[in-house]
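See structure below.
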Amino acid sequence: MITPMRVFVLIFNARTENEGIHTIREGDRNKILMFESEDDATRFALMLEAQDFPAPTPEPMDAEEIKEFCESAGYEWEIIPENSNLVVTPPELNVEKTDWQEDAQKEDTVEDTFPLNQQPLEEPELSDSELEKMRRKLEGLL
């Protein structure tokens, strides 16, 4: 597959000093999603927002620039083709604390955002089974 020159990535606090790029954690690795379609990136951003995640901005970027960033930061990358049958949805859980947030709000998550020049956070202290048990209790309260 030929990589498109321009892709859309999700940026938090776009065009500020506290800018961060959205990543998804898979095991001990982080992955940046590169959307061929701005509409698909916007849809994914809205799904994040619906999960009470801060609203990211889809930003056009050069695919090669993102790949170089991923290589330097040790991240994975994935191109989400336009009009593909691939349905991309955010994970149900988010990271406890993102590097780009100034306050120390806690959220139970596996989804990450990192400033373009910083390393990822450590894994949460709770196991997946403990998080799942807490999630079920909270859902029961609703």
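The values are calculated or read from the model by the stated rules, or taken from the named source; none is laboratory data. Please read all numbers here as calculations on a predicted model, not as lab measurements. Here Cβ is always computed from backbone atoms with ideal geometry, including for glycine, and neighbour counts include all displayed protein chains.
Mind listing just one residue for me: the one in region 40-51 that is surrounded by fewer than 17 Cβ atoms within 10 Å (Cβ to Cβ) and touching a residue at least 40 places away in the same chain (Cβ under 8 Å) and, of those, nearest to residue 77 (Cα to Cα)?
Among residues in region 40-51 that are surrounded by fewer than 17 Cβ atoms within 10 Å (Cβ to Cβ) and touching a residue at least 40 places away in the same chain (Cβ under 8 Å), the one nearest to residue 77 (Cα to Cα) is 47.
Looking at region 15-24, is at least one residue loosely packed, with under 12 Cβ neighbours inside 10 Å, among the β-branched types (Val, Ile, Thr) and out of contact with any Asp or Glu (no Cβ under 8 Å at 6 or more places or on another chain)?
The answer is yes; a qualifying residue exists.
Assess whether residue 82 counts as being assigned to a strand (DSSP E or B), surrounded by fewer than 17 Cβ atoms within 10 Å (Cβ to Cβ) and at pLDDT below 95.
For residue 82, the condition - assigned to a strand (DSSP E or B), surrounded by fewer than 17 Cβ atoms within 10 Å (Cβ to Cβ) and at pLDDT below 95 - is not met.
Is there a residue being at pLDDT below 90, touching a strand residue (DSSP E or B) at 6+ places or on another chain (Cβ under 7 Å) and not aliphatic (A, V, I, L, M) anywhere in region 67-74?
No.
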